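Notes follow the structure.
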There are 2 protein chains.
Amino acid sequence: MKPDDAYRRKIIDGKAIARALTDSIKEKVENFRLETGQIPGLAVVLVGNDPASEVYVKNKAIQTHRAGMRSFMHMLPETTAQEELLALIARLNADAAIHGILVQLPLPQHLDRNIVINAIAPHKDVDGLGEVNAGRLSLGMDGHVPCTPLGCLKLLQDTLGTLRGLHAVIIGASNLVGKPMAQLLLKQGCTVSIAHIDTKDPGGLARQADILIVAVGKAELVPSDWVKPGATVIDVGITRMDLPDGKTRLVGDVAFNDALEKAAFITPVPGGSGR
Amino acid sequence: MKPDDAYRRKIIDGKAIARALTDSIKEKVENFRLETGQIPGLAVVLVGNDPASEVYVKNKAIQTHRAGMRSFMHMLPETTAQEELLALIARLNADAAIHGILVQLPLPQHLDRNIVINAIAPHKDVDGLGEVNAGRLSLGMDGHVPCTPLGCLKLLQDTLGTLRGLHAVIIGASNLVGKPMAQLLLKQGCTVSIAHIDTKDPGGLARQADILIVAVGKAELVPSDWVKPGATVIDVGITRMDLPDGKTRLVGDVAFNDALEKAAFITPVPGGSGR
């Protein structure tokens, strides 16, 4: 299906929103530098050689630099001992030139993810994955919030304005996306429902959604008859699908072409929620 | 309406469940003492003279004592300075005879609740109101959990057994009850919906609930036609209502007598969820 203009207007352009966001952050960084003489610095820590993680880390460095901030990369061998990694985090915690620390996940199996993530000083835990920031989010307080749900919120607010009173249905209850997304949307005044692997009638719940967020990681899990006419659909899934001709294609958790007919707005994959 | 036996079997007897729980805790405390030589100690801190708080604090001390633990009461004047309160908490944090610390809320206005609660060492924050325990709950990790939602979960598990796959609708999104309740039920495999003041059709959502939890604090907010036949209803609200004859009566957030007809199980007020 080749979307005509009416369809095109429904598609949420995540890349354009991201570019505008980078520009506005760049301006804030510059003003901050003029006011304080300081340049924000982000340290990214990668352990091992996972190819996808290498791409993510590289992109984070580019985006950081593009926004006018300093980027520090720490790429450690797969064999790094936990004490070495914790010692590095302690140094970064104490380093006044570093304002944020990201430890790229997943970590090699011999490292304890919980211990490592919670070793980051809460005010530098810009991924918001530690206990303190998760607690602040849960309590409705200010803190660092995981990037994917925060990005989805930004897409929703850019598209819909205020979200108060809308019914948001989230499919997928992960710590990285579903649960923090629920807390962010509750804070915005949404009615929030969370469905997952044990949900008996996910379609029946999804059909009530003014906002439908799908973050499961199963290609085209959600058929168009789960989408209420006029809903806004945010698709966080991204799966590489084999095609009959031997090529591959990236697809989301939502059957995009059919859902596009019913939704008021929908994110494409790729180029939507950005994962 | 005078409930006959069929009705009586529907009423969840919170007091009986609480008595059985106290007995089982008493046994665990005794075994712990025999194994380790230690007796668990709970410190309860009250600032000021709020009459309801005085009753709560007294009841906590009695229950603690009844379960074979040591109870330490710290009753401070309304005028206590924040630094004095923080110094007391620091001493209790360092005291090996104290395993849990409760600071009774609400605090007098001149004290910063967030700072005070988060000064309690997370492993002694047995009310689970600090950021670290809220984060652990949100991330599905072990930690201390606020007592009211934990008690409601206990009532549900005692009544229904496994909760996996049931649709729980929670009305009220407070940090004390609604939000931690949602996280506890998600961890049990429930589909969870959260309604609140901004929800457009709370009745329509409530009517889908296998488990309906109401924690708003508005007398008889929920009429019986919000209750799906066969649902289990947990009423956390408690309001003192004036009667025409000048007397008063405690009522919950649910219109109990009518809801009793439709529900499979329901908590009474008082004597149910225990607030």
Next on the checklist: With the structure loaded, tell me whether B:V57 is in contact with a helix residue (DSSP H, G or I) (Cβ under 8 Å, 6 or more places away or on another chain) and outside any loop (DSSP other than H, G, I, E, B) or whether it fails that test.
Outcome noted: no
Checklist entry - Of the residues that sit in region B:81-92 and are out of contact with any His (no Cβ under 9 Å at 6 or more places or on another chain) and open to solvent by less than 60 Å² (accessible area, probe 1.4 Å), which one is nearest to B:C147 (Cα to Cα)? => result B:I89
Checklist entry - Name the residues in region A:261-274 that are touching a helix residue (DSSP H, G or I) at 6+ places or on another chain (Cβ under 8 Å) and surrounded by fewer than 21 Cβ atoms within 10 Å (Cβ to Cβ), would you? => result A:E261, A:K262, A:A264, A:F265, A:P268, A:G271, A:G274
Next on the checklist: Based on this model, can you work out whether A:I17 counts as in contact (Cβ under 8 Å) with a residue 60 or more places away in the chain, part of a helix (DSSP H, G or I) and at negative phi?
Outcome noted: yes
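Please work out which residue is nearest to A:A168 (Cα to Cα), limiting yourself to region A:227-236 and to residues that are in a loop (DSSP other than H, G, I, E, B) and open to solvent by less than 20 Å² (accessible area, probe 1.4 Å). Talk me through it step by step, then tell me what you get.
To start, the set of residues in region A:227-236 that are in a loop (DSSP other than H, G, I, E, B) comprises A:227-231, A:236.
Subset that is open to solvent by less than 20 Å² (accessible area, probe 1.4 Å): A:227, A:231, A:236.
Working: A:V227: 12, A:A231: 10, A:V236: 15 Å.
Going through the qualifying residues, I end up with A:A231.
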Checklist outcome for this item: A:D201 passes all but one of the listed conditions (1) surrounded by 23 or more Cβ atoms within 10 Å (Cβ to Cβ); (2) touching a strand residue (DSSP E or B) at 6+ places or on another chain (Cβ under 9 Å); the exception is number (1)
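Mind listing whichever residues of region A:237-254 are assigned to a loop (DSSP other than H, G, I, E, B) and over 16 Å from A:V214 (Cβ atoms)?
Initial filter on region A:237-254 (assigned to a loop (DSSP other than H, G, I, E, B)): A:237-238, A:243-247, A:252-253.
Matches in region A:237-254: A:L243, A:P244, A:D245, A:G246, A:K247.
What helices (runs of 4 or more DSSP H) completely inside region A:121-202 contain at least 3 residues that are more than 7 Å from every other protein chain (Cβ to nearest Cβ) and touching a residue at least 40 places away in the same chain (Cβ under 8 Å)? It would help to see each step written out before you state the result.
Values: elements: A:131-138, A:147-160, A:178-187.
Passing ranges, in order: A:147-160, A:178-187.
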Checklist entry - Taking into account only those residues within region A:203-226 that are facing chain B (nearest Cβ under 10 Å) and outside any loop (DSSP other than H, G, I, E, B), which is nearest to the chain's Cα centre (by Cα)? => result A:L205
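Suppose we filter B:D112, B:D50, B:D95, B:D13 for residues that are closer than 19 Å to B:H123 by Cα and either open to solvent by less than 30 Å² (accessible area, probe 1.4 Å) or out of contact with any Lys or Arg (no Cβ under 6 Å at 6 or more places or on another chain) (or both); which single one remains? Walk me through how you get there before you give the answer.
Details: B:D112 fails: closer than 19 Å to B:H123 by Cα; B:D50 fails: closer than 19 Å to B:H123 by Cα; B:D13 fails: closer than 19 Å to B:H123 by Cα.
The match here is B:D95.
The values are calculated or read from the model by the stated rules, or taken from the named source; none is laboratory data. If you're wondering where the values come from, they're calculated on a predicted model, not measured in any experiment. Methodologically, a virtual Cβ is constructed for each residue, glycine included, from the backbone with ideal geometry; neighbour enumeration extends over all protein chains shown. Note: areas computed on protein heavy atoms with side chains; ligands, DNA, RNA excluded. Shrake-Rupley method; radii C 1.70, N 1.55, O 1.52, S 1.80 Å.
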